[in-house]
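Visitor: Below: one structure in structure tokens.
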């Protein structure tokens, strides 16, 4: 028996029961759509985070006080043993860690900025001049923190683009005096607009010298030290060097954590990879349910057409002809459902970022191929049993079936 | 053409075996017009199914055109049914979703005849049985007699040497039945071997040979006038 004819017979069977066929297909459509949509959301998150992390600046090492491990394990903070990271630690690194280009001490806090009668809460970052280079964030007008400002704890402030706009509007901010948590600060610079990065609006920040920051927050410790190396290959060696220098200063205790950008990236990638797999798996279950729907309908169809099977067999259809007819019917249902599901899934994946900008998606070829292969396989797998059942019918019994 | 020797057919009904055919031996030659008659339960339908290669005997030897049928597998039987045998059933057994033309084409599909040739062979047959203007009607749009004529056209489309008719007039009014018998008689005159199962004496006497079955055994075999 020729394939086009079998195909036409199957198609006619599908079309003769339009409502039932479309409902059966709907199961597969939703399954495939869900696989593509959820996988592309997971992939989108991964691509987004990778891009953002590499956008922070390259070859970064972040040193934070306290020993935590990036790779599991819980370290209770035993009182008294954790020595704080200090400004002097960062200076020691600058002087002695020759693999590092920079070691920027950072304090972070929040406070209220006021100008005339306008006030708002902002995030305050205390930094040194090298911060600009390390984090790829630069002033647009005026100047950034200078080493002199740091050395003498000058009360100067650099505004993020958004803060400037909200507090000063179109006015010139340079040279104005603002109140920052009840202390007078003079505006010396405005940052270049950058936008949101990893959920944090880097334009919604103000910068002051790190030493002024320590005074403002009344602390002598640092939030972190951001170090950088010129070459990616040096990151591991630089990390060892930092450890060596800091341990000497901290009574030979490793009471700090060095995170490299690569380590953060790979941890993130792993988490998001698992997330994507879980999402895909959940969607896969719905595809499986769709497949069971196909099997169910095919079984009904085989039963309904028992007599037709008997007639065809009496007229010379071999078992494999009958088998092919029902297999093609099942595969057409799942295949057409798969294609429609892919179209809707890809369409939604492309549409979502247009309307929901916090939800980036990335449609990957492999998720499409996987979803389609899977839906075709579902058709084959769940079609075999009903089709085999049909093909093994005894022609006499089938002819007598009412 | 047909050689049945000592055919038995036994069905297992729970604990007991039910013998439907009990040592049937029978020879039918090319060109005969045979009626198999008998009351219901006499085994005539089972005999018909075995001759039609729809069923295998429990024991005994069945030779069709000098080929041993009893030992063939499903696919070989399907091929014999397709090429050598045409079926006409009491309930017509047309495919309800297909037009008369499509129904007639079905056996040709399974012999791998291309679409164009299928049409070219099916249309003259439907014309011959008087349905030239009903080619694209579905079975539900045809009368019983017309449906049976479609079924006859379908049975003949592959030019089989043997035509099996199981109560072909059983569901028809007497006039339609008469038309069908007329068509069958003509076909036999053209050389087609016909075996007809019926319990209607009037139909039986129209054949050239009458075989009577009772309780799975042949109790009468005579030539009609």
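Each value in this text was obtained by applying a stated rule to the coordinates, not by laboratory testing. Small disclaimer: the values here were computed from a predicted structure and weren't measured. Every residue, glycine as well, gets a Cβ built from its backbone with ideal geometry; the counts of neighbours run over all protein chains shown.
Visitor: Between residue A:193 and residue B:10, what is the label-point separation in nm under the 7 Å Cα-to-beta-carbon projection?
Guide: In this crude spin-label approximation the distance works out to 9.5 nm.
Visitor: Calculate the spin-label point distance for residue A:184 paired with residue B:73, positioning each point 7 Å from the Cα along the beta-carbon direction, and give it in nanometres.
Guide: The two pseudo-label positions are separated by 10.3 nm.
Visitor: Also, I was wondering about something else. Can you tell me which of A:294-303, A:45-54 comes out highest on packing, and rank the rest after it, using the mean Cβ neighbours within 10 Å?
Guide: Details: A:294-303: 19.1, A:45-54: 16.1.
Answer by packing, highest mean first, reads A:294-303, A:45-54.
Visitor: Residue A:377 to residue A:343: FRET efficiency via 1/(1 + (r/R0)^6), r the Cβ-Cβ distance, R0 30 Å, to the nearest 0.05?
Guide: The computed FRET efficiency comes out at 0.95.
Visitor: Percent antiparallel among DSSP beta bridges with both residues in the range B:2-223, to the nearest 5?
Guide: On the way: 23 of 41 bridges.
Here the antiparallel bridges make up roughly 55 percent for the range B:2-223.
Visitor: Assuming a ≥ b ≥ c are the square roots of the Cα gyration tensor eigenvalues, decide whether the range B:48-180 counts as rounded (a/c under 1.5), prolate (otherwise, with a/b larger than b/c) or oblate. Please list the in-between numbers first.
Guide: Details: a/c = 2.38, a/b = 1.47, b/c = 1.62.
It is oblate, given that a/c is not under 1.5 and a/b is not larger than b/c.
Visitor: Do the sum for chain A: with -39,500 (n - 2.57) for every DSSP H run of n ≥ 4, divided by all residues, what is the mean residue ellipticity at 222 nm, to the nearest 500 deg cm²/dmol? Please report the intermediate quantities before stating the final value.
Guide: Working: 13 runs with 224 residues, N = 402.
Roughly -18500 deg cm²/dmol at 222 nm, from the helical runs in chain A.
Visitor: Okay, next question. Looking at the protein assembly as shown, send over the antiparallel percent of its DSSP beta bridges, to the nearest 5. Don't skip to the end; give the middle numbers.
Guide: Numbers: 60 of 87 bridges.
Rounded to the nearest five, the antiparallel share is 70 percent.
Visitor: Give me A:154, A:178 sorted ascending by neighbouring Cβ count inside 10 Å, so fewest comes first.
Guide: Details: A:154 18, A:178 22.
Arranged by neighbour count, lowest to highest, A:154, A:178 become A:154, A:178.
Visitor: Need one value for B:101-112: mean number of C-beta atoms belonging to other chains within 10 Å of its residues' C-beta atoms. Intermediate values should be presented prior to the final figure.
Guide: Working: counts 0, 2, 2, 0, 1, 8, 5, 3, 11, 10, 3, 3.
Rounded to a whole number, the mean comes out at 4.
Visitor: Normalising by the residue count of chain B, find the relative contact order in percent from Cα pairs under 8 Å and 6+ residues apart. If you can, show how the numbers build up before the last one.
Guide: On the way: 442 pairs, mean separation 66.3, N = 225.
Relative contact order of chain B: 29 percent.
Visitor: Can you tell me the orientation of helix A:261-304 relative to chain A, as the angle in degrees between its alpha-carbon axis and the longest Cα principal axis, to the nearest 10?
Guide: It is inclined by approximately 20 degrees.
Visitor: Another question, then. Could you work out the helix-only [θ] at 222 nm for chain B, with each DSSP H run of four or more residues adding -39,500 (n - 2.57) and the total divided by the number of residues, to the nearest 500 deg cm²/dmol? Provide the component values of the computation, followed by the final result.
Guide: Working: 7 runs with 77 residues, N = 225.
Calculated from helices alone, the mean residue ellipticity at 222 nm is -10500 deg cm²/dmol.
Visitor: Between 0 and 90 degrees, rounded to the nearest ten: what's the tilt of helix A:235-249 against the longest Cα principal axis of chain A?
Guide: With both axes taken from Cα atoms, the answer is about 40 degrees.
Visitor: While we're on this one: Could you please state, rounded to a whole Å, how far the C-alpha centre of the range B:1-36 is from the C-alpha centre of the range A:184-259?
Guide: Measuring centre to centre over Cα atoms gives 98 Å.
Visitor: Compute the projected area of the convex hull of the Cα atoms of the range A:83-254, averaged over all viewing directions, and report it in nm² to one decimal place. Before the final figure, lay out the partial values.
Guide: On the way: hull surface 41.0 nm².
Directional mean of the projected Cα hull area for the range A:83-254 stands at 10.2 nm².
Visitor: In which sequence would A:26, B:77, B:164, B:18 go, from the one with the fewest C-beta neighbours within 10 Å to the one with the most? If you can, show how the numbers build up before the last one.
Guide: Numbers: A:26 15, B:77 20, B:164 26, B:18 11.
Fewest to most other Cβ atoms nearby, the residues stand as B:18, A:26, B:77, B:164.
Visitor: With a cut-off of 8 Å between alpha carbons and a minimum separation of six or more residues, what is the relative contact order of chain A in percent? Please list the in-between numbers first.
Guide: On the way: 735 pairs, mean separation 121.0, N = 402.
The normalised contact order for chain A reaches 30 percent.
Visitor: Something else now. Give the percent of DSSP beta bridges with both residues in the range A:83-254 that are antiparallel, rounded to the nearest 5. Before the final figure, lay out the partial values.
Guide: Working: 28 of 37 bridges.
Bridges in the range A:83-254 are about 75 percent antiparallel.
Visitor: Enter the mean projected area of the convex hull around the alpha-carbon atoms of the range B:103-225, in nm², rounded to one decimal. Please list the in-between numbers first.
Guide: Working: hull surface 35.1 nm².
The Cα convex hull of the range B:103-225, projected and averaged over all directions, gives 8.8 nm².
Visitor: What average count of beta carbons from other chains do you get within 10 Å of the Cβ of residues in A:316-323? Display every interim value, and only then the final one.
Guide: Working: counts 19, 7, 10, 4, 3, 4, 1, 0.
Taking the mean over all residues of the peptide, I get 6.
Visitor: For the ranges B:37-44, B:183-190, A:330-337, B:88-95, what's the packing order if you count other beta-carbon atoms within 10 Å of each residue, average per peptide, and put the highest first? Don't skip to the answer; put the middle values down first.
Guide: Details: B:37-44: 18.6, B:183-190: 15.5, A:330-337: 25.2, B:88-95: 21.1.
Descending packing order for the listed peptides: A:330-337, B:88-95, B:37-44, B:183-190.
Visitor: How high is the relative contact order of the range A:83-254? Use alpha-carbon pairs under 8 Å, at least six apart in sequence, and give a whole percent. Each step should come with its number before you reach the end.
Guide: Details: 347 pairs, mean separation 56.9, N = 172.
Once normalised by length, the contact order is 33 percent.
Visitor: Still on this structure, I have one more. Would you tell me the mean number of C-beta atoms belonging to other protein chains that fall within 10 Å of each C-beta in B:80-88, as a whole number? Provide the component values of the computation, followed by the final result.
Guide: Numbers: counts 1, 7, 6, 1, 1, 3, 2, 5, 0.
Counting other chains' Cβ atoms within 10 Å and averaging over B:80-88 gives 3.
Visitor: Okay, moving on. Going by alpha carbons, how many degrees (0 to 90, nearest 10) lie between the helix axis of B:74-84 and the longest principal axis of chain B?
Guide: It is inclined by approximately 60 degrees.
Visitor: In terms of the Cα gyration tensor, with a ≥ b ≥ c the square roots of its eigenvalues, is the range B:2-223 rounded because a/c is under 1.5, prolate because a/b exceeds b/c, or oblate? Each step should come with its number before you reach the end.
Guide: Values: a/c = 1.81, a/b = 1.46, b/c = 1.24.
It comes out prolate by the Cα gyration axes.
Visitor: Here's something else I'd like to know. How far apart, in nanometres, would the label points at residue A:171 and residue B:215 be if each is projected 7 angstrom from Cα along the Cα-to-Cβ direction?
Guide: Inter-label distance under the simple model: 12.2 nm.
Visitor: Quick one: order B:134, A:184, A:305, A:133 by neighbouring beta-carbon count within 10 Å, fewest to most. Working shown, then result.
Guide: Values: B:134 20, A:184 10, A:305 23, A:133 15.
Lowest to highest Cβ neighbour count: A:184, A:133, B:134, A:305.
Visitor: If you wrap a convex hull around the C-alpha atoms of the protein assembly as shown and split its volume per residue, what is the figure in Å³?
Guide: Convex hull of Cα atoms, per residue: 250 Å³.
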